[in-house]
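A quick write-up on the structure given underneath.
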Amino acid sequence: MCSTRIKNQKESEVLQSLEGNYRQEHIFALKQAIAGYEFYMQQVEECDREIEKLLQELNSQLESPTPDSSGGTSSGSLSSSRPLKRIRRRDPGYNLEAQLEKLTGGVNLSVLPGMTSYNSLQLLAEIGTDMSRWLTEKHFTSWLGLSPGSHSSGKEKG
């Protein structure tokens, strides 16, 4: 259950640390925790399958992105060929990045600093792909609450 790096370098230390006097109530609690973990992982897998199904339905309703005259997509600078960030969480079992790129018209949101496929999925789930309700990127930034405000507290009025 441990990583290969630990297994290769510290296997004897790990085995020695597992020796001990285990109390029955702690073993019971550990069994309960493992069963809970396995249940939640099963729930996450079901969610991943449902998300994949919904993304496929959404993508089947969309037309393929049309390349512009420069040979790329109409998405501009976000269609960079920069390598995708590695998924640090559980692998969903399908190509999430490809599904998201198709959904966004060929735009690879993971080229933005701090964006991963999971962030992109969360963002699209919250706001959708229709950006017409924000006139500019400044309006969008303000709506997100990321632009500085003009409110100042604690200053003298006068």
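Quick note: the coordinates plus some simple rules give every number you see, no bench work behind them. As the structure is a computational prediction, the values presented were derived from the model and not from experiment. All Cβ positions, even for glycine, are placed from backbone atoms using ideal geometry, and neighbour counts span all protein chains on display.
Using each residue's phi in region 133-149, evaluate 6.51 cos²θ - 1.76 cosθ + 1.60 at θ = phi - 60° and report the 3J(HN,Hα) Karplus result to the nearest Hz, with x for Gly and Pro.
Working through the residues one at a time gives 6, 10, 5, 9, 5, 5, 5, 5, 4, 5, 4, 5, x, 9, 8, x, x Hz.
Take each of the peptides 38-47, 119-128, average the number of other beta-carbon atoms within 10 Å over its residues, and list them starting from the highest. Provide the component values of the computation, followed by the final result.
Working: 38-47: 10.8, 119-128: 13.9.
Descending mean neighbour count gives 119-128, 38-47.
Which number do you get for Rg(Cα) / (2.2 N^0.38 Å) in region 94-143?
Here the answer is 1.16, to two decimals.
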